[in-house]
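The values are calculated or read from the model by the stated rules, or taken from the named source; none is laboratory data. None of the values given here were measured: they were computed from a predicted structure. SASA here: full protein model, heavy atoms, side chains in, ligands and nucleic acids out. Shrake-Rupley method; radii C 1.70, N 1.55, O 1.52, S 1.80 Å.
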Amino acid sequence: MGAADPPRAGSLIWHAPANMLWTLNSGDTQSTAISVQLPTPPFTLEVVAHFSINSPHNAGWSVQLQTDEDQPLHKMTIYNNCTFALWGKGRTPFIHLQPGGLSNRLTLNVLADQSATLRLNDEIAWQGMLNMVTQQSIGWLISASAGNNGVAALTWEQMALYASP
């Protein structure tokens, strides 16, 4: 890791070189829970994915944190039109996001006090408090939506989790 690289909370504790292709028809959504629970903060979660160049502009992929009772806590979505949304509220253009055919990296770095930094392609997109329920196990899932303008092809390239041992 170079001097200008964003900080990570500890060392790599889990990695999945996903290379998993999802094909979604217009209007479809798909999700899958990740079997690895998130550790107590501090931790860093990284997910890299890309839509095909022909995927609809309103297609999106998400990372969602949730309790062990499947109650959603936080959701971060990257859309194929170079916008993102937090917790399902509005879309914000972000010049560092890439369109279809190119990869986007979502990195969530959570400190022990639950202050968090969301980076998209290594650039800060949001900072704030997560307010996670620390007495419960926190899981996470990945999901995608094709939008409503055609077939979307999404490749999950990599997922990684960093924490202190």
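Report, to one decimal in Å, the Kirkwood hydrodynamic radius for the stretch 1-65 based on all distinct Cα pairs.
With all distinct Cα pairs of the stretch 1-65 included, I get 14.9 Å.
For the stretch 108-165, just list the percent of Cα-Cα distances falling in each 5 Å bin from zero outward, please.
Pair shares across the bins are 4, 11, 17, 22, 19, 13, 8, 4, 1, 0.
Which of Val47, Val63, Val151 ends up with the largest GNM mean-square fluctuation for the chain, with Cα atoms connected below 10 Å?
Answer for the Gaussian network model of the chain: Val151.
Do you know the relative contact order of the stretch 1-122, to the nearest whole percent, from alpha carbon pairs under 8 angstrom that are 6+ apart?
26
In square angstrom, what is the accessible area per residue of the chain with a 1.4 angstrom probe?
Solvent-accessible surface per residue comes out at 48 Å².
Determine the share of the stretch 77-165's accessible area contributed by carbon and sulfur atoms, expressed in whole percent, with a 1.4 angstrom probe.
Answer for the stretch 77-165 is 50 percent, counting heavy atoms of protein chains only.
Short version: ³J(HN,Hα) in whole Hz for each residue of the stretch 45-51, in order, from phi by Karplus 6.51 cos²θ - 1.76 cosθ + 1.60 (θ = phi - 60°), x for Gly and Pro, what are they?
10, 10, 9, 10, 8, 8, 8
For the stretch 28-165, what mean projected area does the convex hull of the alpha carbons give, in nm²?
Value for the stretch 28-165: 7.9 nm².
Tabulate in residue order the Karplus-calculated ³J(HN,Hα) for the stretch 81-95, using 6.51 cos²θ - 1.76 cosθ + 1.60 with θ = phi - 60°, rounded to whole Hz; enter x for Gly and Pro.
In residue order, the calculated couplings are 9, 6, 10, 9, 9, 10, 6, x, 10, x, 10, 10, x, 9, 4 Hz.
GNM on the chain, C-alpha springs below 10 Å: top fluctuator among Asn104, Asn131, Asn58?
Maximum fluctuation in the GNM of the chain, among the listed residues, is at Asn131.
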